[in-house]
1. Distance in nm between label sites at Asp668 and Arg78, each 7 Å beyond Cα in the beta-carbon direction?
2. Among Gly699, Phe277, Gly576, whose Cα sits farthest toward the positive end of the charge dipole of the chain (+1 at Cβ of Lys/Arg, -1 at Cβ of Asp/Glu, about the Cα centre)?
3. Once you have a ≥ b ≥ c as the square roots of the Cα gyration tensor eigenvalues for the chain, tell me rounded if a/c is under 1.5, and otherwise prolate or oblate according to whether a/b is larger than b/c.
4. When the dipole is taken about the Cα centre of the chain, and only Lys, Arg (+1) and Asp, Glu (-1) are charged at their Cβ, what size is it in debye, to the nearest 20?
5. Arrange the peptides 267-276, 50-59, 190-199, 722-731 so that the one whose residues have, on average, the most other Cβ atoms within 10 Å appears first.
6. What dipole magnitude, in Debye to the nearest 20, does region 367-424 give about its Cα centre under +1 on Lys/Arg Cβ and -1 on Asp/Glu Cβ?
7. Order the peptides 695-702, 607-614 from the highest to the lowest mean number of other Cβ atoms within 10 Å of their residues.
8. Classify region 662-701 as rounded, prolate or oblate, taking a ≥ b ≥ c as the square roots of the eigenvalues of its Cα gyration tensor: rounded when a/c is under 1.5, otherwise prolate if a/b is larger than b/c and oblate if not.
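Only the coordinates and a few stated rules stand behind these numbers; no lab work does. Everything numeric in this text was worked out from a predicted model, so none of it was measured. Because the Cβ atoms are built from the backbone with ideal geometry, glycine has one as well, and the counts that use them run over all protein chains shown.
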Amino acid sequence: MSAQQIGKPANRVDGFEKVTGQAKYAAEFSAPDLTYGVVVNSAIAKGTIKNIDISEAMALEGVLQVFTHQNRPGYTWRDKDYQDKDSPPGSPFKPLYSNKIQFSMQPIALVVAESFELARYAAMLVKVEYEQEPHDTNFEANLPKAYKPKKYKATPPPDPRGDAAAALASATAKVEAEYAHPSEHHNPMEMHASTAVYEDGKLTVYDKIQGVKNSQQYLMKAFGLAEDELRVISPYVGGAFGSGLRPQYQLFLAVLAARELKRSVRVVMTRQQMFSFGHRPKTNQKFAVAAASDGELQAIKQEVFAETSKFEDYSEDVVIWPGVLYNCANVELTHKLVGLDVYTPLDMRAPGGTTGIYALECAIDELAYEVGIDPLEFRIKNYSEKDQNKDKPFSSKELKECYRQGAEKFGWSKRKMEPRSMKEGHNLIGWGFAQGAWEATQKKAAAKAVLTPEGKLLVTSATADIGTGTYTVMSQIAAETLGLPLENVSFRLGDSSMPMAPLEGGSWTVSSVGSAVKLACEKVQETLLELAKKVDNSPLQNASIEDVIFSDGQILLSQNPTQSVSIKAALAQNGGESVEAEATQQPADKQQNYSPYAHSATFVEVKVDEDLGTVKVTRIVAAIAGGRIINPKTAKSQILGGAVWGIGVAMEEETMMDNNLGRFMNHDLDKYHVPVNADVHDIDVIFVDEQDDIVNPLGAKGLGEIGIVSVAPAIANAIFHATGKRVRELPITLDKLL
Ligand code: MOS
């Protein structure tokens with residue numbers, strides 16, 4: 001019998017707290033004498049503030065202060081070039097730094113009052129005179145000014161291989177096409193918020209963030225504070241998707257006000273303000289792909305143009321995918337940036353993958369049609385056995401098994417190749433396919449484990465749970481390592497005083513923090529074994545750690561499991577003290593020789609109303625190779641979430657720029673559309689078996705991003721199959737189909 005926890009579909013350990021409202025989010029923490037801050041945003045996209053008149057607002061009883069660039073304290077922004085852990089190369093935006101306006105809706109003042117309603121009213125009374133300058137927000141118009149950044153935030157474009165131009169010139173089958181992906185904004189349920197609690201000159205800041213250590217460092221630099229002068233706490237996050245990777249302006253403003261007023265201050269963004277910082281960049285991609293008549297890929301040329309701000313060079317991994325997903329001898333990749341007067345783009349779920357794989361997988365589908373080969377067959381023919389960008393083998397790759405199981409579940413073999421050949425009444429039926437990958441990264445991380453004399457285990461690490469299931473899977477990893485029941489284990493996170501963890505992002509939390517949790521618990525194992533040897537007539541007297549297993553509250557000799565000492569008995573030898581261990585885990589050297597990726601194969605059915613052009617995504621089968629699955633239930637939720645968002649990417653999400661005002665005009669959820677229940681039909685998730693002893697000590701690859709990357713192209717390809725029309729501009733709204 002074993003108390004195995006890894007691989008079990010455990011319910012979320014934080015589920016009860018969440019559904020009963022006991023789980024507290026950043027804006028729900030309070031303090032005696034709490035005050036409320038409301039942000040005033042710039043009405044123009046570029047220029048200077050000539051005059052800002054706060055007198056009318058200040059005259060209201062209960063308004064405590066209106067902070068602007070004119071009265072911000074001199075101690076702020078001494079280190080004006082500080083870059084947080086997710087900063088792209090460049091000069092980060094600094095709230096209230098000067099009278100300069102760099103983007104529309106830039107925060108220019110914070111009104112603080114005794115009540116939220118008063119602060120909001122007073123914010124309307126702040127009068128601003130601007131000196132406007134012409135702005136560049138038109139992406140297409142600025143394409144001729146595209147440039148290669150001095151430094152890429154993400155992977156620089158891989159070196160060219162072979163001779164793509166020559167291969168394209170002599171190819172028998174060729175596709176040249178341009179794909180467009182719009183700007184998109186993060187819309188988690190929880191708005192960005194910070195509650196800065198001021199007590200005896202010290203600050204405790206509750207922040208909505210994907211990394212408390214990053215927020216703490218940012219505040220230390222922005223205000224010249226020492227580490228022990230401020231603590232950042234973020235126990236629950238109501239979705240983030242990358243929007244919480246960088247500290248946002250409400251954090252700076254709340255802390256500024258709390259320090260100056262010596263009062264606690266809460267600042268919450270409105271939904272509209274959620275569109276005033278960071279977004280997935282608008283991206284145009286020119287593809288030229290070629291194949292021989294037998295379907296062998298001969299060339300891939302990808303030329304990317306992506307939006308950034310004028311003050312930071314944001315780039316993401318848009319051009320690495322040909323080298324990861326296809327075996328191809330002649331490849332040429334470029335990635336250029338278009339600097340606009342907008343806020344810097346920001347990582348959004350699978351940054352670069354969602355855009356890059358979308359265009360690549362559509363171009364390959366077009367090429368498969370050009371050659372006349374089934375799109376799935378085409379992928380099998382050009383399957384990559386190694387990562388050609390790095391010239392390294394994959395740590396594991398069970399993508400072919402994803403093809404096989406996904407195709408079988410979907411019924412792909414019944415597909416007719418010809419577009420418009422499958423009909424059901426007035427509905428055109430389309431079946432589309434796409435594949436995807438996402439890097440399985442491990443980062444350095446630390447965790448601490450404390451096992452009390454009563455046998456209760458508390459594990460901590462300064463990571464986050466943005467709804468992904470971190471609390472649950474970390475508890476499972478700890479319980480499994482020490483052979484304890486899940487209910488005896490608690491995992492705590494989101495406190496800057498806890499052991500170091502990287503930003504919660506990049507799909508690396510399980511592999512990084514999970515591996516640290518495992519190591520800390522293994523250190524506890526070692527102490528427990530030493531204690532177990534002190535038990536009278538201990539059968540473990542001569543055992544070393546390799547000789548024993550921890551299971552069901554016992555330390556057992558693996559060769560002779562009847563011989564054991566209970567963990568309780570071992571703990572009793574510790575003089576009433578807890579057993580503690582802290583451990584830092586980092587990637588093993590052997591990883592250097594491999595390229596680690598998770599993979600996906602996505603099969604989609606759409607039904608397109610021939611008269612109305614409406615599209616329903618009636619079925620999605622997502623087959624995933626993600627290494628070892630720690631918790632099939634939370635894992636499935638990750639993939640479902642990615643698939644639903646993929647529907648949004650393909651057909652709904654788009655932030656539109658009004659170039660007259662230089663402002664995203666649909667900055668609210670009534671005009672920025674995301675999928676709702678009526679848009680979501682059958683979604684099947686398959687996890688194929690994948691053993692990986694290299695990727696990290698857990699063999700788990702991370703699932704936060706692999707679920708989204710191949711969904712939009714599979715939908716676009718299905719729409720082509722249904723209608724015979726290639727729409728190369730996302731989102732595919734019905735007006736583009738008619
Ligand atoms: Mo993710 S875009 O790394 O939160």
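1. Result for the modelled spin labels: 4.4 nm.
2. Phe277
3. oblate
4. 460
5. 190-199, 267-276, 722-731, 50-59
6. 120
7. 695-702, 607-614
8. Cα axes put region 662-701 in the oblate bin.
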